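Contents: one structure, followed by commentary.
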Amino acid sequence: MTKLSGTLYIVSTPIGNLQDITYRAVETLSAVSLIAAEDTRHSKKLLNHYGIKRPLISYYEYNRFTRIPQIIAHLNDGKDVAVISDAGTPGISDPAYKLTRAAITADIKVETIPGPSAVLAGLIASGLPSDRFLFEGFLPPKKGRKKRLNALKDEQATIIFYESPRRLKRTLQDIGEIIGDRPAVVTRELTKMNEEIIRGTVSELLSYVSKHEPRGEIVLIIGKPDPNVFFK
Ligand code: SAM
C-alpha cells in the first residue's frame, strides 16, 4: 500500500516588510494543518496580518530534538505541515534545515515556497558582482573565526556574511587584517523603515561604524579586490 504522508512545505516569509510574501505562501499557510514557527509570538503578527488561523507550534534550535519527531508523526498521519522562520527563507542560517533533513530521511515529500532571503536582498542591493557569490553565514564569534577568514584570503567571488550589530566592528577589523581592504557594503534593516546601505572599502566602513553605532539586522558583503569598483 502506498504511504499517504503529508507534505512539508518550507515557506519563505518577509525579512521586514510584511507585503513581501507570495500568494502561494499565503495560500499554503492558510491550508496546512500545522505551522511550525521559530518564535510563535513573532510569527503571529504576520499570520494575523493575512488572516491566517492555523494551529501553530514552536520549532527552534533548542527544542528540535522533541519537536522533530512530533512534526514527522503529524506528517506521517497524512497531514501537511508548513515550516517558517522568524524572517526570510527557512533553513538559511536557521534551524529549519534539520527538520527538512529529518523529513527527507522519513521519506516525506518536501516542497519549497521560495521568497525573500536577506542574503540575496543584500547582495543585489550592494552593487557588488553577483555572477559568483559565496554565502558564509555567521562567522563563529571565537573558536574557528580566524581559520574561516584565512580560508577566504584568495576568494574572488563576492562573499556574504550575516552579522550582528554588536560584532560588526570587530568583523570588519578582522576582515581588513586577514582578507584585505576590499570593496565592502553594509546593508542594514533591509525592507524596513530604517533601511540603510553603506558602500565603501572595509577600512572606510570601519571608520563609519566607529562613528555611527550600528543597529538592527545586518548583511555584510565583501567584493573581490578592485580599486575602481565604487568610482563613478
Ligand atoms: N532565514 C533568514 C534569511 O533567509 O535571510 C536568516 C535568518 S538568520 C537567523 C538572521 C540574520 O539574517 C540576521 O542576523 C541578519 O544578519 C540577516 N537579516 C535578516 N533580516 C534582515 C534584514 N531585514 N536586513 C538585513 N539583514 C537581515
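For the reader, a short list of remarks on this structure follows.
- Built amide H within the under 5 Å cut-off of Thr112, gap 5+: Ile10
- Using θ = phi - 60° in the Karplus curve 6.51 cos²θ - 1.76 cosθ + 1.60, the 3J(HN,Hα) couplings for the range 80-85 round to 7, 10, 10, 10, 10, 10 Hz; x is entered for Gly and Pro.
- Helix-derived mean residue ellipticity, 222 nm - over the chain, DSSP H n ≥ 4, -39500 (n - 2.57), to 500: -10000 deg cm²/dmol
- In this structure, the pairs whose alpha-carbon distance is over 19 Å, taken from Lys53/Lys109; Lys44/Lys79; Lys169/Lys211, are Lys53/Lys109; Lys44/Lys79.
- Inter-label distance, nm, simple model (7 Å from Cα along the C-beta direction), Ile197/Thr22: 2.3
- Projected label distance in nm at Arg148 and Ser164, using a 7 Å step from Cα toward the beta-carbon: 1.3
- Two-site FRET efficiency, Asn76 against Lys98, from Cβ-Cβ distance with R₀ of 25 Å, rounded to 0.05: 0.90
- Fraction of alpha-carbon pairs over 24 Å apart in the chain - percent: 50
- Overall form of the range 7-113 per C-alpha gyration tensor (a/c, 1.5; a/b vs b/c): prolate
- For the range 7-113, DSSP calls about 5 percent of its internal beta bridges antiparallel.
- Here the contact order of the range 79-232, divided by its residue count and restricted to Cα pairs under 8 Å and six or more residues apart, works out to 23 percent.
- Taking the range 196-227 and a reference point 7 angstrom along Cα→Cβ of Asp131, the backbone N atoms nearer than 14 Å belong to 224.
Computed from the coordinates by the stated procedures, all read-outs in this text should not be read as laboratory data. Note that the structure is predicted; figures quoted are calculated from it, not measured. Ideal geometry is used to build each Cβ from the backbone, glycine not excepted, and the neighbour counts take in all protein chains shown.
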